[in-house]
Number of protein chains: 2
Amino acid sequence: MTAARPCSIADALSVVGEKYSLLVLREVFLGVRRFDAMVRAVGVPRDVLAARLRHLIEAGVLEKVPYSERPPRYEYRPTEAGLELRGVLQLLQRWGDRHLADRPPVVFEHSCGEVLDPVVTCRSCERPVAPDDVRVRSAIPEWDAAGARP
Amino acid sequence: MTAARPCSIADALSVVGEKYSLLVLREVFLGVRRFDAMVRAVGVPRDVLAARLRHLIEAGVLEKVPYSERPPRYEYRPTEAGLELRGVLQLLQRWGDRHLADRPPVVFEHSCGEVLDPVVTCRSCERPVAPDDVRVRSAIPEWDAAGARP
DNA sequence: CCAGTGGGTTGGAAAACTGGACTCACTGTA
DNA sequence: TACAGTGAGTCCAGTTTTCCAACCCACTGG
């Protein structure tokens, strides 16, 4: 990779962008927190899962909590930072449901009692953010849209 | 992959979960829509970019639009479906800014005039969706949280 | 004692990624 | 006319990752 645009999206993806990482997180949010159960639910090779869990723990997204001393057994729980990724999964799911699925989606219910239909809104004005409702304010000058490199 | 949980998140990731795909989308949203500019901004190998663009077009996320006849030149634009992925990137960026970045983030401005701080809300009640504000309503029975497989 | 479970590690083949060189079709400059 | 440059790729050899099955260890329950 030769000097790409510096960007927190890229940084975030270096944590959760590897294959299976977000699916592991999905399982954690669904309550599946043990190694073997994850292997089955995600369909991930065991060695890859072990690597992903290590990486996610190291990045502070999950934590490994013992639930049995003898034999030593652990479960994987989301940290505060991990929980904040839930919105990403909710949006991905909505997108998949709308544009790809040909199958009854898994439906989530919000605490308000209705089926959850997640929308991104602006914290300030509390209105939905439409796709073209945003402008770049403080970009790094050399990395403007022209794609020119310093 | 041996029979994983059926899920639109996984489906969505099979479209945008490959390495670089979301970064290509980031560029498209920033207005970088041509091959060479993407190579520079994303830092992706040229053949990989070519493959990703093909895949994203095929999946209906981008479209290839000619902007010059002679010589033939194309640019890549988001479709309606593609635009709907913008929220995912906004949340990933927010997450990266909060948890990883040690660098001044690229700031976006919402059309309301304030700096964009994206929050996921429930379309019905219009209130923010907290990490544990949701319950599964209609899961596929065999794929409950226990992770047992049929 | 024996099968089963949870949580891994190991090894080799297959697939994906990497960086660079190369092509082709033009354009703009001298 | 020649020549450098650009845009959009393709091709290739070498390196990493992934994949998958098999194996290991510690323990439990019958």
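Bear in mind that the values in this text are calculations on the coordinates, not laboratory data. In this text the structure is predicted, and so the values were computed from the model without any measurement. Here the Cβ is made from the backbone with ideal geometry for all residues, glycine too, and neighbour counts use every protein chain on show.
Below is a table of values for the structure above.
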{"read-out": "5 angstrom amide H check on A:PHE108, placed H, neighbours 5+ away", "value": "A:LEU116, B:ARG137"}
{"read-out": "Alpha carbon centroid spacing (whole Å) that separates the range B:5-84 from the range A:58-133", "value": "25 Å"}
{"read-out": "Pairwise label distance in nanometres, A:CYS112 with B:LYS64, each label 7 Å out on the Cα-Cβ vector", "value": "4.3 nm"}
{"read-out": "Ascending list, in nanometres, of distances separating the A:ALA130 label from those of the other copies (7 Å, Cα toward Cβ)", "value": "3.2"}
{"read-out": "For the range A:26-31, Karplus couplings with θ = phi - 60° (6.51, -1.76, 1.60), whole Hz, Gly/Pro x", "value": "3, 5, 4, 5, 7, x"}
{"read-out": "Label spacing, shortest first and in nm, from B:VAL115 to its equivalents in the remaining copies (7 angstrom along Cα→Cβ)", "value": "3.8"}
{"read-out": "log₁₀ of I(q)/I(0) at q = 0.19, 0.25, 0.26 Å⁻¹ - the range B:6-60, Debye sum with one point per alpha carbon", "value": "-0.61, -0.97, -1.03"}
{"read-out": "Computed lengthening from B:LYS19 to B:PHE35, 0.36 nm per intervening residue step minus Cα-Cα distance", "value": "4.1 nm"}
{"read-out": "Overall form of chain B per C-alpha gyration tensor (a/c, 1.5; a/b vs b/c)", "value": "oblate"}
{"read-out": "Average projected area [Cα convex hull, the protein assembly as shown], square nanometres", "value": "16.9 nm²"}
{"read-out": "Residue and distance (whole Å) for the chain B Cβ nearest the axis that superposes B on A", "value": "B:THR121, 2"}
{"read-out": "Cβ-vector label at 7 Å, A:ARG77, separations to other copies in nm", "value": "5.0"}
{"read-out": "Per-residue HN-Hα couplings for the range B:61-70 [Karplus 6.51, -1.76, 1.60; θ = phi - 60°; Hz; x = Gly/Pro]", "value": "8, 10, 10, 9, 10, x, 10, 7, 7, 10"}
{"read-out": "Relative contact order, percent, the range B:46-107 [alpha-carbon distance under 8 Å, six or more residues apart]", "value": "21 percent"}
{"read-out": "Residues with amide H under 5 Å from that of B:TYR74, placed H, sequence gap 5 or more", "value": "B:TYR67"}
